[in-house]
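To keep things clear, I will list the structure first and then write my remarks on it.
The values are calculated or read from the model by the stated rules, or taken from the named source; none is laboratory data. These figures come from a predicted structure and were not determined experimentally. Neighbour counts are summed over all protein chains in view; Cβ atoms, including those assigned to glycine, are modelled from backbone coordinates with ideal geometry.
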DNA sequence: AAGAAAATTAGTACCTGGTCTTAATATAAG
DNA sequence: CTTATATTAAGACCAGGTACTAATTTTCTT
């Protein structure tokens with residue numbers, strides 16, 4: 001890597017750790033061809049904690065993020081629900097939901113919040129999306145707070161027509177009509 | 001918690017750590033009212049690593065997951081593209097894209113692949129989804145491989161009509177009509 | 001109840017990846 | 001050359017363990 005002077009090394013150090021927070025001081029020292037103590041001084045000056053704390057931060061953050069953002073059953077936070085009738089979900093627009101360049105939220109995340117809410121309000125073991133018809137009215141930016149309101153308009157056998165309206169402040173930014181199918185494989189539950 | 005016998009304690013230990021992998025042996029010892037050595041023996045028998053390794057596993061897993069599933073610019077792998085004309089994207093259906101229970105892929109991920117492909121083929125700095133009309137034809141299961149094909153049907157000024165068809169093996173599982181707007185850093189763009 | 005087996009607890013040496021502190025050396029700037 | 005800045009070194013200490021040995025307690029069996 002060739003030896004760098006302090007300021008430049010510290011910048012690269014910050015970048016390296018952002019890219020890979022699991023590097024230990026020894027590895028960093030070898031990368032930058034300086035002593036381990038220099039790396040520690042650099043971390044101190046930059047306010048970067050040790051590898052175990054960094055790892056823990058990533059883990060904790062990701063743990064809750066993974067839960068709430070993607071692999072949890074709901075995208076966003078379910079704040080109110082009346083099964084088979086309506087529901088409300090709130091989602092903070094964070095950086096990772098946006099296009100890097102413009103800080104505009106990516107459309108499929110807005111869709112995901114609405115879709116998972118539409119699925120969640122159906123009182124059944126398994127609900128699948130059959131179709132969706134959606135409109136995006138204006139871009140949503142990082143830092144905004146999306147309130148998605150879902151309402152079941154019509155239910156016919158295992159077919160639910162769910163309307164979702166998503167607002168940022170007072171603007172309607174998104175509207176969707178979902179058709180959700182309930183697939184109930186629990187024989188003890190009353191057939192709908 | 002009241003003292004339990006071995007087998008039961010080990011089960012609860014496993015559950016506790018699944019729920020919260022950040023607990024250290026000392027905390028566990030207090031919870032179960034046994035000595036720290038007992039906890040360590042239990043972990044050994046259950047093949048559960050120490051807290052730092054657990055933390056690291058959570059961090060690494062979540063780190064790559066967050067990267068690949070949500071924050072990358074494209075959902076799926078772009079294998080072919082002709083700007084403003086058509087494109088092909090491939091996505092492996094992995095566990096984290098599915099409902100835990102049924103191993104059926106969640107609808108918004110199918111949407112995300114199609115939507116991000118539709119956006120990607122538009123040759124502009126920023127492309128935003130204006131609307132979408134989509135149909136899901138059959139459930140997609142873990143292990144399948146989704147091929148999404150997008151085609152620009154019509155383009156009018158900054159408005160692109162993009163058709164996406166997603167197949168698993170030879171079945172069409174999803175179809176969508178997207179209207180995408182290109183936004184070429186126009187300072188006159190109406191304020192929001 | 002006695003004896004064996006299983007489970008639990010105790011204690012010690014050692015490990016990684018640090019922190020915190022003091023001090024010596026190297027390099028650059030005035 | 002001298003001072004200031006940067007770098008390296010060295011040592012004591014810490015958390016949260018592993019690995020191992022050994023003692024003690026509880027439980028089961030005969």
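Quick notes on this one:
- Number of the condition not met by residue B:92 [criteria: (1) within 13 Å of chain A (Cβ to nearest Cβ); (2) modelled with pLDDT under 95; (3) under 17 Å from the mean Cα position of the chain (by Cα)]: (1)
- Among the residues of region B:36-48, the ones that are surrounded by 14 or more Cβ atoms within 10 Å (Cβ to Cβ) and near DNA strand D (Cβ under 7 Å from one of its atoms) come to 2 in all.
- Hits in region B:116-169 (condition: surrounded by fewer than 16 Cβ atoms within 10 Å (Cβ to Cβ), within 11 Å of chain A (Cβ to nearest Cβ) and part of a strand (DSSP E or B)): B:133
- Scope region B:1-30; condition within 14 Å of chain A (Cβ to nearest Cβ) and either away from DNA strand D (no atom under 12 Å from the Cβ) or more than 14 Å from residue B:54 (Cβ to Cβ) (or both); matching residues: B:18, B:19, B:20
Condition check ((1) in contact with a helix residue (DSSP H, G or I) (Cβ under 8 Å, 6 or more places away or on another chain); (2) modelled with pLDDT of 80 or more) across all residues:
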residue: B:56; (1), (2): yes, yes
residue: B:60; (1), (2): no, yes
residue: B:68; (1), (2): no, no
residue: B:75; (1), (2): yes, yes
residue: B:80; (1), (2): no, yes
residue: B:87; (1), (2): yes, yes
residue: B:109; (1), (2): yes, yes
